[in-house]
Amino acid sequence: MASMAAVAMFGGTTVANAQPTGVQAEGEVSCGYDFDKCHLQWFDYGFVKNYIVSKIYYRGGGYHFYWWN
């Protein structure tokens, strides 16, 4: 199983480390407390950037989703 890449979402900047084999990149986006804003980010990752995305979920600190390609 490929290790999870470190991803941070701060002020619209995403930092991800590509994996050399298997899954090339993956991460978690922390969207904050605004569900509509998170949904827009989720749509961008899933339909504009063509990443596979998980369902949006709430965890302490706000809404999150996972992405990978």
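Computed from the coordinates by the stated procedures, all read-outs in this text should not be read as laboratory data. What you see is a predicted model; the values in this text were computed from it and never measured. All Cβ positions, even for glycine, are placed from backbone atoms using ideal geometry, and neighbour counts span all protein chains on display.
Mind ordering 25-38, 43-56 by average Cβ neighbours within 10 Å, highest first? It would help to have the intermediate numbers written out before the result.
Working: 25-38: 15.9, 43-56: 13.1.
By packing density, highest mean first, the sequence is 25-38, 43-56.
I'd like the Karplus ³J(HN,Hα) series for the stretch 56-69: coefficients 6.51, -1.76, 1.60, θ = phi - 60°, whole numbers in Hz, and an x wherever there's a Gly or Pro.
Ordered by residue, 3J(HN,Hα) equals 6, 9, 9, 9, x, x, x, 8, 9, 8, 9, 9, 7, 9 Hz.
Starting from 0.36 nm per residue, how many nanometres of slack lie between Phe47 and Gln24 once their C-alpha separation is accounted for?
Between Phe47 and Gln24, full extension yields 6.5 nm more.
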